[in-house]
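The values are calculated or read from the model by the stated rules, or taken from the named source; none is laboratory data. In this text the structure is predicted, and so the values were computed from the model without any measurement. FYI the Cβ positions are ideal-geometry reconstructions off the backbone, even for glycines, and counts take in every protein chain you see.
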Amino acid sequence: MAENLKMYIGGAWVDARSGDTFDSIDPATGGALATVPRGASLDVDLAVAAARRAFDGGTWGSAVAERERARILFRIAQLVAEQRQSLAELEVRDCGKPIGDALADIDEVAFMFEYYGGWATKITGDIPPVGPDAMSLVVKEPVGVCGLIVPWNYPMLMAAQKVAPALAAGCTVVLKPAEQTPLTALRMAAIAEQAGLPAGVFNVVTGFGVEAGAPLLTHPGVDKISFTGSRAIGMMIQRTCADQLKRVTLELGGKSPNIIFGDADIERAVVGSALGVFGNQGEVCSAGSRVLVHRSVYDDVLQGMTDFAAGMKLGSGLDPETTMGPLVSAAQRDRVQAYIDAGPGEGANLVFSGQRPNDPALANGYFVPPAIFEATNDIRLAREEIFGPVAAVIPFSDVDEVVRLANDTEYGLAAAIWTRDIGLALRTAKAVRAGVVWINDSQPAPTESMWGGYKQSGIGRELGPYALDTYLESKQIYINLS
Ligand code: NAI
Ligand code: MG
């Protein structure tokens, strides 16, 4: 029997006003995992009203001592750390990823609350000089009520990446988790409640995008939207929010180049590149899905990646042996499979395709085995975000050509560069139009640093102090001294 859960609005655990529910699915089996409220605009109204009251009434925000905000965030971090095993298992069951990856996610969630708890007491302004007869203070204030809409590939981590800096900045929030993976967001609310976060500061409305996400975009009580997800929805959000000039931060997708030069440490480059495109089932916005390989090492890399993919073990994410879980949903499986099926017709050469798990208990799971194509940069397989374990391997001859190929995309989230030549690495890093560039690595995203995309991969930056800025307004206070 699937457990019946409630959502968290104004400090109370509630059903949707309509009474409607939906099931969150375990993608390894296709079975229902839990029943959650199917929130809609009436529920969003209540959540925004609660967040508004908490912000305007001084429950949170500038009216609360910064050190009090810090302490609550530290307590949330502590509780997440104490519950890491059960949170990771819940994440695996809701979204499919391998348990080791989920544990790493949850550890980063705990650290994120700790890190931004530290920032809560360190948000300072400026005193620009304005002449002898005046003083000008630039102070930072929370932006207000924030609508946070997050995806399903790193459910709790993507939520924490927005919730922690927003709360540290003094904002109150309404979190809308993805309909595929609402469960750890609800646990985050329970933890926040246990940590003493006052009612209304953090609200969770579960439901579908059009029903529970869209009303946040048009609600006049919402000051800011921060969204992570598909480019199409990101564009729609930007357009919709323009009507009220809501602040908008967008973290969208990518088609990130992974560049392997001829002098690279090939063994490391192969493993890193394979994990960069197959890790988390390829459901990663920064996946290195275009593997650009110098002709001198092309055959070795292709063979190495094929061997790596052949060694991957598909299965339930709860099995510690599993290195690739199911995709998150039947829809995502079908979308990814359609790209694989269409590849040969577009001129791509399918070099490798793995095996589904043969455990009968997983017969209805949404598995798509890893696939490796030889491709050119002009076909859909190399241009569109697939968000699954599909690599497009493309040869190049020299640095000018690879920079041109790397930048020949509408996206600009990330790039990886593999070489032992530091000059070549840095020249290429500077030439690539992407927000994150890894040298001799792929995918690390340390909370203390910075994340975000060029071009159509997004607007604004997350992580580090950069995220805080997106939840703050600046105010100038001018004092006449004459
Ligand atoms: P999506 O962009 O539709 O969903 C992300 C979030 O936005 C979810 O919480 C969803 O409920 C919400 N949403 C959807 N429609 C909305 C609307 N009209 N108003 C407000 N909120 C709305 O992504 P989806 O459909 O789950 O995945 C489709 C493709 O998007 C994937 O194949 C992948 O290419 C890309 N994607 C990229 C992600 C990233 O991290 N950059 C994450 C998830 C998906
Ligand atoms: Mg699920």
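Can Leu426 be described as surrounded by fewer than 19 Cβ atoms within 10 Å (Cβ to Cβ) and farther than 28 Å from Gln161 by Cα?
Here the answer is yes, as Leu426 does meet what is asked.
Considering only the range 327-381, state which residues are of a type outside the set (D, E, K, R), part of a helix (DSSP H, G or I) and within 16 Å of ligand 2 (Cβ to nearest atom).
Ala330, Ala331, Gln332, Leu362
Matching residues to (1) in contact with a Phe, Trp or Tyr (Cβ under 8 Å, 6 or more places away or on another chain); (2) among the charged types (D, E, K, R); (3) away from ligand 2 (no atom under 16 Å from the Cβ):
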| position | (1), (2), (3) |
| --- | --- |
| Val14 | yes, no, yes |
| Gly19 | no, no, yes |
| Leu33 | no, no, no |
| Val64 | no, no, yes |
| Phe74 | yes, no, yes |
| Leu79 | no, no, yes |
| Gln83 | no, no, yes |
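Looking at the range 181-220 only, could you name the residues that are touching a helix residue (DSSP H, G or I) at 6+ places or on another chain (Cβ under 7 Å) and either farther than 18 Å from Tyr8 by Cα or outside the structural domain of Gly30 (by TED's automatic domain parsing) (or both)?
Within the range 181-220, Leu217, Thr218, His219 meet the criteria.
With farther than 28 Å from Tyr411 by Cβ and touching a Pro at 6+ places or on another chain (Cβ under 9 Å) as the only criterion, which of Val174, Val205 stands out? If you could, list the steps in order and put the result at the bottom.
Numbers: Val174 fails: touching a Pro at 6+ places or on another chain (Cβ under 9 Å).
Exactly one of Val174, Val205 is farther than 28 Å from Tyr411 by Cβ and touching a Pro at 6+ places or on another chain (Cβ under 9 Å), namely Val205.
Return the residues of the range 198-219 that are under 24 Å from Ala232 (Cα atoms) and either of a type in the set (Phe, Trp, Tyr) or within 16 Å of ligand 2 (Cβ to nearest atom) (or both); say none if nothing qualifies.
If the condition is that a residue be under 24 Å from Ala232 (Cα atoms) and either of a type in the set (Phe, Trp, Tyr) or within 16 Å of ligand 2 (Cβ to nearest atom) (or both), then Val204, Thr206, Gly207, Phe208, Gly209, Ala212 are the ones that fit.
Which of the residues belonging to the range 1-47 are more than 24 Å from the chain's Cα centre (by Cα), buried (at least 19 other Cβ atoms within 10 Å of the Cβ) and of a type in the set (Asp, Glu)?
Matches in the range 1-47: Asp43 only.
Go through Glu321, Glu283 for me and flag whichever is surrounded by fewer than 20 Cβ atoms within 10 Å (Cβ to Cβ) and either modelled with pLDDT of 95 or more or among the charged types (D, E, K, R) (or both).
Numbers: Glu283 fails: surrounded by fewer than 20 Cβ atoms within 10 Å (Cβ to Cβ).
Exactly one of Glu321, Glu283 is surrounded by fewer than 20 Cβ atoms within 10 Å (Cβ to Cβ) and either modelled with pLDDT of 95 or more or among the charged types (D, E, K, R) (or both), namely Glu321.
Looking only at residues in the range 17-57 that are free of Cβ contacts under 8 Å to residues at least 40 places away in the same chain and acidic (Asp, Glu), which one is farthest from ligand 1 (Cβ to nearest atom)?
Asp56
Give the range 166-197 a look and list any residue that's more than 15 Å from ligand 2 (Cβ to nearest atom) and out of contact with any strand residue (DSSP E or B) (no Cβ under 8 Å at 6 or more places or on another chain), or say none.
Within the range 166-197, Ala168, Ile191, Gln194, Ala195, Gly196, Leu197 meet the criteria.
From Asp319, Asp263, grab the single residue that is under 24 Å from Asp94 (Cβ atoms) and part of a loop (DSSP other than H, G, I, E, B).
Exactly one of Asp319, Asp263 is under 24 Å from Asp94 (Cβ atoms) and part of a loop (DSSP other than H, G, I, E, B), namely Asp319.
For the range 324-338, enumerate the residues that are within 22 Å of the chain's Cα centre (by Cα) and surrounded by fewer than 16 Cβ atoms within 10 Å (Cβ to Cβ).
Ala330, Ala331, Asp334, Arg335
Let me confirm something: among Ala169, Ala164, Ala160, which residue is closer than 22 Å to Gly279 by Cβ, surrounded by 24 or more Cβ atoms within 10 Å (Cβ to Cβ) and of a type outside the set (Phe, Trp, Tyr)?
Answer to the check: Ala160.
Would you point out the residue of the range 128-147, among those that are part of a loop (DSSP other than H, G, I, E, B) and in contact with a strand residue (DSSP E or B) (Cβ under 6 Å, 6 or more places away or on another chain), that is surrounded by the fewest Cβ atoms within 10 Å (Cβ to Cβ)? Lay out the reasoning, then the answer.
First, the residues of the range 128-147 that are part of a loop (DSSP other than H, G, I, E, B): 128-133, 143-144.
Okay, now just the ones that are also in contact with a strand residue (DSSP E or B) (Cβ under 6 Å, 6 or more places away or on another chain), so 128, 130, 143.
On the way: Pro128: 10, Val130: 13, Val143: 22.
Filtering the range 128-147 for residues that are part of a loop (DSSP other than H, G, I, E, B) and in contact with a strand residue (DSSP E or B) (Cβ under 6 Å, 6 or more places away or on another chain), the one surrounded by the fewest Cβ atoms within 10 Å (Cβ to Cβ) comes out as Pro128.
Which members of the range 266-302 meet the condition of being part of a strand (DSSP E or B) and not hydrophobic (A, V, I, L, M, F, W, C)?
If the condition is that a residue be part of a strand (DSSP E or B) and not hydrophobic (A, V, I, L, M, F, W, C), then Arg290, His294 are the ones that fit.
Quick check: is even one residue across the range 126-149 under 21 Å from the mean Cα position of the chain (by Cα), farther than 23 Å from Lys475 by Cβ and within 16 Å of ligand 1 (Cβ to nearest atom)? Break it down into steps so the answer makes sense when it comes.
Just the residues of the range 126-149 that are under 21 Å from the mean Cα position of the chain (by Cα), to begin with: 145-149.
Subsequent filtering for residues that are farther than 23 Å from Lys475 by Cβ retains 148-149.
Going one step further and asking which of them are within 16 Å of ligand 1 (Cβ to nearest atom), we end up with 148-149.
Scanning the range 126-149 turns up at least one residue that is under 21 Å from the mean Cα position of the chain (by Cα), farther than 23 Å from Lys475 by Cβ and within 16 Å of ligand 1 (Cβ to nearest atom).
Out of (1) at pLDDT 95 or above; (2) surrounded by fewer than 24 Cβ atoms within 10 Å (Cβ to Cβ); (3) away from ligand 1 (no atom under 13 Å from the Cβ), the odd one out for Glu384 is which?
(3)
Of the numbered conditions (1) farther than 22 Å from Ser474 by Cα; (2) touching a strand residue (DSSP E or B) at 6+ places or on another chain (Cβ under 8 Å), Ile99 fails exactly one; give the number of that condition.
(2)
If Arg231 meets every condition in (1) away from ligand 1 (no atom under 16 Å from the Cβ); (2) farther than 12 Å from Ala414 by Cβ apart from one, which number is that one?
For Arg231, the exception is condition (1).
Please state which one of Lys475, Lys455 is under 30 Å from Glu114 (Cα atoms) and of a type in the set (D, E, K, R). Give the steps one after another, and end with the answer.
Details: Lys455 fails: under 30 Å from Glu114 (Cα atoms).
After applying the criteria, what remains is Lys475.
Would a scan of the range 69-91 turn up a residue that is in contact with a strand residue (DSSP E or B) (Cβ under 8 Å, 6 or more places away or on another chain) and assigned to a helix (DSSP H, G or I)?
No: the range 69-91 contains no residue that is in contact with a strand residue (DSSP E or B) (Cβ under 8 Å, 6 or more places away or on another chain) and assigned to a helix (DSSP H, G or I).
If you check Val436, Val402, Val368, Val393, which single one turns out to be in contact (Cβ under 8 Å) with a residue 40 or more places away in the chain, touching a Lys or Arg at 6+ places or on another chain (Cβ under 8 Å), assigned by TED's automatic domain parsing to the domain that holds His294 and buried (at least 23 other Cβ atoms within 10 Å of the Cβ)?
It is Val368.
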